[in-house]
Amino acid sequence: MDTKPCTSGLSKNAVMIMRVADRQWHALEDDLVVGRGYAEHRPDGRLFVSIDAWHDAAFDRLAEAMSVALPAPLYTVVDEADVELTAGWQRAGFTIRRREWEYAVPTDPRGSGLDEVLPPPGVTIVPAGQADERLLRAVDRAIRDEVEATIGWQSMPAEVIPRPEGDTIVDPTKYAVAATPDRYLGLIRVVTVNRPRIGLVAVRAGEQRRGIARSLLAHALGTLHNSGFAQAWTEVHESNRPATALFEGIGARPMSSNLELVR
């Protein structure tokens, strides 16, 4: 552990920056911790940083020290309503890369209009926990390749759930799929920690506009409703008009927005 302190500029009350562990820093003022900085790799490989500081001087010195010590590019995510935090990262040279809207999604099929939605002919919905893992991984890989070849996977909502390196399936039991007898056409992933979150709903490019995504949502939301959840949550990139239309079309309401910044 590197505990050698370094000063990152002086003010009326000097703030000292100390690296206390791998990718962890403290800001000290008169031997009191007035700020903490962290860095971690997300499952997609990108390096995200965060800072919790008492005042601007501590924030600015932590941001400077971390930017010097860590390899670029660096990313961070802030609540767009937190104007002061956004301004702090912009002072540190970060710029806004993307905006995600967080939606509250009603699970009651009578409210969402999904009560009579059925899969298209020849397609069935396989509930979470019952999917064939080989076919699940095949459709996940195919969809990711299609997205990467067009808008790029990093335009999708950030994947924050830990998974083994090189593995794109978080937990096979969390996925329901749209299936034909020989392959899967689409998938939906719902993870419940503190509240249900729809982390992904996607359909093969050649199978879109057939109602498969709505059928997957009808199944997943109906399952949550039967389990006693009134709402689920999801994030949608502001430029993803099809996803925005899909969720707003079933009564989802935007509740807040997050900004992803990059340096």
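Which one of Arg210, Arg189 is among the basic types (Lys, Arg) and part of a strand (DSSP E or B)?
Values: Arg210 fails: part of a strand (DSSP E or B).
Matching residue, one of Arg210, Arg189: Arg189.
Test Val201 against the stated conditions and say whether it is of a type in the set (A, V, I, L, M), modelled with pLDDT of 95 or more, crowded, with 17+ Cβ neighbours inside 10 Å and more than 25 Å from Glu40 (Cβ to Cβ). Working first, answer last.
Numbers: of a type in the set (A, V, I, L, M): yes; modelled with pLDDT of 95 or more: no; crowded, with 17+ Cβ neighbours inside 10 Å: yes; more than 25 Å from Glu40 (Cβ to Cβ): yes.
The answer is no for Val201.
So if I check each of Leu114, Leu10, Leu118, Leu62, which one is more than 30 Å from Phe229 (Cβ to Cβ) and modelled with pLDDT of 90 or more?
Details: Leu114 fails: more than 30 Å from Phe229 (Cβ to Cβ); Leu10 fails: modelled with pLDDT of 90 or more; Leu118 fails: more than 30 Å from Phe229 (Cβ to Cβ).
Within the list Leu114, Leu10, Leu118, Leu62, the selection yields Leu62.
State which residue is most open to solvent (accessible area, probe 1.4 Å) when the search covers only the range 98-134 and only residues that are under 30 Å from Ala72 (Cβ atoms) and in contact with a helix residue (DSSP H, G or I) (Cβ under 9 Å, 6 or more places away or on another chain). Step through it out loud before you land on a result.
Of the range 98-134, the ones under 30 Å from Ala72 (Cβ atoms) are 98-102.
Filter once more, keeping what is in contact with a helix residue (DSSP H, G or I) (Cβ under 9 Å, 6 or more places away or on another chain): 98, 101.
Numbers: Arg98: 11, Trp101: 93 Å².
In this case the residue turns out to be Trp101.
Looking at the range 49-72, I want the residues that are farther than 12 Å from Arg36 by Cα and have a partner that is polar (S, T, N, Q) and open to solvent by 30 Å² or more (accessible area, probe 1.4 Å) with Cβ atoms under 9 Å, at least 6 apart or on another chain. Which pairs are those?
From residues that are farther than 12 Å from Arg36 by Cα, the pairs are Ala57/Ser11; Ala57/Asn13.
Evaluate the following for Asn194: is it assigned to a loop (DSSP other than H, G, I, E, B), within 25 Å of Val77 (Cβ to Cβ) and not β-branched (Val, Ile, Thr)? It would help to see each step written out before you state the result.
Numbers: assigned to a loop (DSSP other than H, G, I, E, B): yes; within 25 Å of Val77 (Cβ to Cβ): yes; not β-branched (Val, Ile, Thr): yes.
So Asn194 passes the test.
Is there any pair linking a residue in the range 210-237 that is buried (at least 18 other Cβ atoms within 10 Å of the Cβ) to one that is of a type in the set (Gly, Ala, Ser) and part of a helix (DSSP H, G or I), with Cβ under 6 Å and at least six apart or on different chains, and which?
Listed by first residue and then by second, the contacts come to Val236/Ala243; His237/Ser155.
Do we have Tyr175 as under 22 Å from Ile125 (Cβ atoms), at pLDDT 95 or above and either open to solvent by 30 Å² or more (accessible area, probe 1.4 Å) or over 18 Å from the mean Cα position of the chain (by Cα) (or both) here? If you could, list the steps in order and put the result at the bottom.
Values: under 22 Å from Ile125 (Cβ atoms): yes; at pLDDT 95 or above: yes; either open to solvent by 30 Å² or more (accessible area, probe 1.4 Å) or over 18 Å from the mean Cα position of the chain (by Cα) (or both): no.
So Tyr175 fails the test.
So which of Asn240, Asn194 is open to solvent by 40 Å² or more (accessible area, probe 1.4 Å), under 30 Å from Ser50 (Cβ atoms), without any contact (Cβ under 8 Å) to a residue 12 or more places away in the chain and out of contact with any His (no Cβ under 8 Å at 6 or more places or on another chain)?
When all the criteria are applied, what remains is Asn194.
Search the range 216-263 for residues being in contact with a Pro (Cβ under 8 Å, 6 or more places away or on another chain) and assigned to a loop (DSSP other than H, G, I, E, B), and hand back the single one that is nearest to Ala179 (Cα to Cα).
Ile250
The values are calculated or read from the model by the stated rules, or taken from the named source; none is laboratory data. The structure presented is a predicted model; accordingly, all values stated were derived computationally and were not measured. All Cβ positions, even for glycine, are placed from backbone atoms using ideal geometry, and neighbour counts span all protein chains on display. Heavy atoms of the whole protein, side chains included, go into the accessibility calculation; ligands, DNA and RNA do not. Shrake-Rupley method; radii C 1.70, N 1.55, O 1.52, S 1.80 Å.
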